[in-house]
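Here is the structure we will look at, set down as structure tokens.
The values are calculated or read from the model by the stated rules, or taken from the named source; none is laboratory data. These figures come from a predicted structure and were not determined experimentally. Every residue, glycine as well, gets a Cβ built from its backbone with ideal geometry; the counts of neighbours run over all protein chains shown. Side chains included, ligands, DNA and RNA excluded: accessible areas come from the protein's heavy atoms. Shrake-Rupley method; radii C 1.70, N 1.55, O 1.52, S 1.80 Å.
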Amino acid sequence: MTILVGGAATGCVSGEPQINFGISEPAVTAAECRGVNALEHSREACDAALVGQPLDPLLNERAADIGDSFECFTYADEVSLKSCAPLSPGEPEVRVAIVGDSHAAMLAPSLTTSANERGWEMQAMVSNGCVWTNSPSSERCDQRLAEQKNILLGGDHFDIVIVSSVATSTVTSETQEIINKRFDQLVEAGSAIVVVQDNPRLAAETESCIDAADSDQVIAGRCDFDQADAYPMTDQYWLVAQQRDDIASVMTSDLFCDDGVCPVEIGGLIVYRDIHHLTATYAASIADELLRRIDAAAGSI
């Protein structure tokens, strides 16, 4: 079974060609420019192809665009892990777990759909705090940690474990030690661990710009921001992965940024629902490509 962990890139980084907006090209269709597909074409060509189409979600609805992200999410005040049966199209070819916080929760529903289309089984263990891969023992967390450990290590191993997490301002040596210990246990159990690079974070002024802008201004790039400012925090899982050759990692920055710029709208889709969460609509747009990268990264270990 493979376990995917979302966060900064570490260890064996999946070598992916950068997706670029491109240069002048023949006319393209709206379908060819929808969402992440737009990154394969010039921005000018896709802007022309999408003229007159409303943004998705609408600007005043982006904060509520969560889809099914929290259907299997355990909140901070809950004692037990929220149990969601793994989704599978039948007898799965590959068993996958995705572990992490709300950033893993953003990715889980669409990745599950893509995984099922491949004949894979996907199980999400996502929560606010008490995440087994990085949390110490405590009275508040012990039951949830034990439940996650039992799922991940107590039976048939996951082929792939995907790990994802919001980047933080501080990463302690204690946290790094816990992550390494948990990763050791998963590797020993036979799981391939894949860390997914965290998504960009908006500055407060960028968030304010989106709130004040209309659709035409957003499409024109008024609120786009520099990639140099997009990753101000440290991705704790990515940091560990870069120090190990038995952990794979998947870079995602080219799914959000190009040529040093990170648009807040890509292919007619609003990318961010708040300062550091993706809209469910854009997360769905990148799911197939992200799972393809995860699969390739797991196979490289």
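Inside the stretch 110-147, can you point out the residues that are surrounded by fewer than 16 Cβ atoms within 10 Å (Cβ to Cβ), in a loop (DSSP other than H, G, I, E, B) and at pLDDT 95 or above?
Matches in the stretch 110-147: N128 only.
Got at least one residue in the stretch 232-255 being within 21 Å of D211 (Cα to Cα) and hydrophobic (A, V, I, L, M, F, W, C)?
no
For the stretch 36-78, how many residues meet the condition of being out of contact with any helix residue (DSSP H, G or I) (no Cβ under 7 Å at 6 or more places or on another chain) and charged (D, E, K, R)?
Residues that pass the stated criteria total 8.
One residue is enough: does the stretch 96-118 have a residue meeting the conditions charged (D, E, K, R), touching an Asp or Glu at 6+ places or on another chain (Cβ under 8 Å) and over 19 Å from I151 (Cα atoms)?
Looking through the stretch 96-118, at least one residue is charged (D, E, K, R), touching an Asp or Glu at 6+ places or on another chain (Cβ under 8 Å) and over 19 Å from I151 (Cα atoms).
Looking at the stretch 215-235, I want the residues that are in contact (Cβ under 8 Å) with a residue 24 or more places away in the chain and closer than 20 Å to D259 by Cα and have a partner that is among the acidic types (D, E) and buried (at least 19 other Cβ atoms within 10 Å of the Cβ) with Cβ atoms under 7 Å, at least 6 apart or on another chain. Which pairs are those?
V218/E265; I219/E265
Can you name the condition, by its number, that T168 falls short on among (1) within 24 Å of Y231 (Cβ to Cβ); (2) at pLDDT 95 or above?
(2)
Starting from the stretch 288-301, keep only residues that are within 16 Å of A241 (Cα to Cα) and outside any helix (DSSP H, G or I), then list their pairs with residues that are open to solvent by less than 10 Å² (accessible area, probe 1.4 Å) and among the small types (G, A, S) whose Cβ atoms are within a distance under 7 Å, requiring at least 6 positions of separation or different chains.
S300/A248; I301/A248
Out of Q243, Q227, Q236, report the one residue that is crowded, with 22+ Cβ neighbours inside 10 Å and farther than 30 Å from E117 by Cα. Reasoning before the result, please.
Working: Q243 fails: crowded, with 22+ Cβ neighbours inside 10 Å; Q227 fails: crowded, with 22+ Cβ neighbours inside 10 Å.
Answer to the check: Q236.
Please note which helices (runs of 4 or more DSSP H) are completely contained in the stretch 155-261 and include at least 3 residues that are more than 19 Å from the chain's Cα centre (by Cα) and within 24 Å of P57 (Cβ to Cβ).
Counting at least 3 such residues, we get 204-212, 215-219.
Among L81, L107, which is assigned to a helix (DSSP H, G or I), within 25 Å of N199 (Cβ to Cβ), touching a helix residue (DSSP H, G or I) at 6+ places or on another chain (Cβ under 8 Å) and not polar (S, T, N, Q)?
L107
Inside the stretch 90-109, can you point out the residues that are in contact with a Phe, Trp or Tyr (Cβ under 8 Å, 6 or more places away or on another chain) and surrounded by fewer than 21 Cβ atoms within 10 Å (Cβ to Cβ)?
Those that are in contact with a Phe, Trp or Tyr (Cβ under 8 Å, 6 or more places away or on another chain) and surrounded by fewer than 21 Cβ atoms within 10 Å (Cβ to Cβ): P92, E93, V94, S102.
So Y75 ticks every box in (1) at pLDDT 95 or above; (2) open to solvent by 80 Å² or more (accessible area, probe 1.4 Å); (3) under 28 Å from E265 (Cα atoms) but one. Which box is left unticked?
Going through the list (1) at pLDDT 95 or above; (2) open to solvent by 80 Å² or more (accessible area, probe 1.4 Å); (3) under 28 Å from E265 (Cα atoms), Y75 breaks only (3).
For the stretch 39-62, state whether one or more residues are closer than 27 Å to A297 by Cβ and either open to solvent by 70 Å² or more (accessible area, probe 1.4 Å) or of a type in the set (V, I, T) (or both).
Yes, because at least one residue in the stretch 39-62 is closer than 27 Å to A297 by Cβ and either open to solvent by 70 Å² or more (accessible area, probe 1.4 Å) or of a type in the set (V, I, T) (or both).
Count, please, the residues in the stretch 247-267 that happen to be of a type in the set (A, V, I, L, M, F, W, C) and open to solvent by 10 Å² or more (accessible area, probe 1.4 Å).
Count: 2.
Looking at S285, is it crowded, with 23+ Cβ neighbours inside 10 Å, touching a helix residue (DSSP H, G or I) at 6+ places or on another chain (Cβ under 9 Å) and not in a helix (DSSP H, G or I)? Step through it out loud before you land on a result.
Values: crowded, with 23+ Cβ neighbours inside 10 Å: yes; touching a helix residue (DSSP H, G or I) at 6+ places or on another chain (Cβ under 9 Å): yes; not in a helix (DSSP H, G or I): no.
No, not satisfied.
Within the stretch 1-38, can you find the residues that are small (G, A, S), open to solvent by 70 Å² or more (accessible area, probe 1.4 Å) and either at pLDDT 95 or above or under 20 Å from L290 (Cα atoms) (or both)?
If the condition is that a residue be small (G, A, S), open to solvent by 70 Å² or more (accessible area, probe 1.4 Å) and either at pLDDT 95 or above or under 20 Å from L290 (Cα atoms) (or both), then G15, A31 are the ones that fit.
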